[in-house]
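Working notes for the structure below.
The values are calculated or read from the model by the stated rules, or taken from the named source; none is laboratory data. Everything quoted here is computed from the prediction, not taken from an experiment. Ideal geometry is used to build each Cβ from the backbone, glycine not excepted, and the neighbour counts take in all protein chains shown. Only protein heavy atoms, including side chains, enter the accessible area calculation; ligands, DNA and RNA are left aside. Shrake-Rupley method; radii C 1.70, N 1.55, O 1.52, S 1.80 Å.
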Amino acid sequence: QSRAVLRRTCRHSVRYIKAWQGEDGIRNVIPRAGRNSEFPEMPSFHPGIVLEEIIKGRPVCEVGCGYGRLAGSFNFDSYIGVDINVDAITRAKNTFPAHSFHVIHEYRYPPSMTKFAYTVCMHVPDDEYPLMIEAMCESTGDQIVIAEILGEHLRKPITRTFNGAVSHATFGRSQIAHENEFMKNGWSLVTYHQRPYPGKGTFTFLDFRKGFDNAA
């Protein structure tokens, strides 16, 4: 990372990090139990299959891998998963001992040809989001995939349930908002893939590339 990025990441929101590092953090990355258990996206689509079709076997780093829900969709020797939650990474290592998982601090990502963030950006506050995208762009070869349900209508504040558990805030963004942030770093959206998400609308995979003209 550049010195400018490192200076800014030093101002990373302590409150935001602590919220995702604790038990409430791992609770919020585990999909709600349902007919398809860990994959509520099915039968419409399996996220790992769609991502692999986009990434096409390239070495990849998953940003915000949680407890490794998607790791099994990738070969162990071409996958790195990173997360700020120590408990989540411990669980991921136990589930997929051959895969590589690492706890990260702030936005200091390992270098990789490709990165993807699956339903991660929508949980990053507005003042943190540009730092995350800049750090991803600077540590990645030429492909970044942002995958989530798009739209500012999804924004909601942090809430606490009757039993004290925390439901994290969401920061829904439009496709244009993502494109504009990547363009600041010299990256362009070259294509996107959409799938219906049961009961939640349309799920979008945004495929950004470095050194390409916008062709989406």
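So what's the net charge close to T170: Lys and Arg +1, Asp and Glu -1, counting the other residues with Cβ under 13 Å from its Cβ?
Net local charge, T170 excluded: +1.
On average, how much accessible surface per residue is there in region 62-216, in Å², for a 1.4 Å probe, leaving out ligands, DNA and RNA?
Working: 6890 Å² over 155 residues.
Using a 1.4 Å probe on heavy atoms only, each residue of region 62-216 averages 44 Å².
Quantify, in whole percent, the carbon and sulfur part of the accessible surface of region 63-139 (1.4 Å probe; protein heavy atoms only).
55 percent
Per 10 Å bin from zero, what fraction in whole % of the C-alpha pairs of region 50-198 is there, up to the bin with the longest pair?
Bins of 10 Å from zero give 11, 39, 38, 12, 1 percent of pairs.
Less than 9 Å Cβ to Cβ from F74, Lys/Arg counted +1 and Asp/Glu -1: what total charge do the surrounding residues give? List each step's numbers first, then the result.
Working: positive: none; negative: E52, E62.
Its environment carries a net charge of -2.
Using θ = phi - 60° and the Karplus form 6.51 cos²θ - 1.76 cosθ + 1.60, what ³J(HN,Hα) does each residue of region 38-43 get, whole Hz, x for Gly and Pro?
Each residue's phi maps through the Karplus curve to give 6, 10, x, 5, 7, x Hz.
Let me cross-check I176: its accessible surface, 1.4 Å probe, with only protein heavy atoms counted, in Å² to the nearest 10?
100 Å²
Expressed as a rounded percentage, what relative contact order does region 47-117 have, with Cα pairs under 8 Å and six or more residues apart?
Computed over region 47-117, the figure is 37 percent.
Once amide H atoms are built 1.01 Å from N in the peptide plane, which residues 5 or more positions from F203, or in another chain, come under 5 Å H to H?
R195, Y197
Each residue of region 65-72 in turn: what ³J(HN,Hα) in whole Hz from Karplus with 6.51, -1.76, 1.60 and θ = phi - 60°, glycine and Pro shown as x?
After applying 6.51 cos²θ - 1.76 cosθ + 1.60, I find 6, x, 8, x, 4, 9, 4, x Hz.
Using amide H atoms built in the peptide plane, which far-off residues or other-chain residues are under 5 Å from I104 H to H?
Under 5 Å from the amide H of I104 lie the amide H atoms of D83, I84, each far enough along the sequence or on another chain.
When only DSSP loop residues count, what trypsin sites (Lys or Arg not before Pro) in region 52-160 have their Cβ near at most 15 other Cβ atoms within 10 Å?
Those satisfying the criteria are K56, R108, R155.
Per residue of region 92-103, what does 6.51 cos²θ - 1.76 cosθ + 1.60 with θ = phi - 60° give for ³J(HN,Hα)? Whole Hz please, x for Gly and Pro, Karplus curve as stated.
4, 5, 5, 7, 10, x, 7, 7, 9, 10, 9, 7
Using modelled amide H (1.01 Å from N, peptide plane; none on Pro or chain starts), what sits under 5 Å from the amide H of F212, excluding residues fewer than 5 places away?
S188
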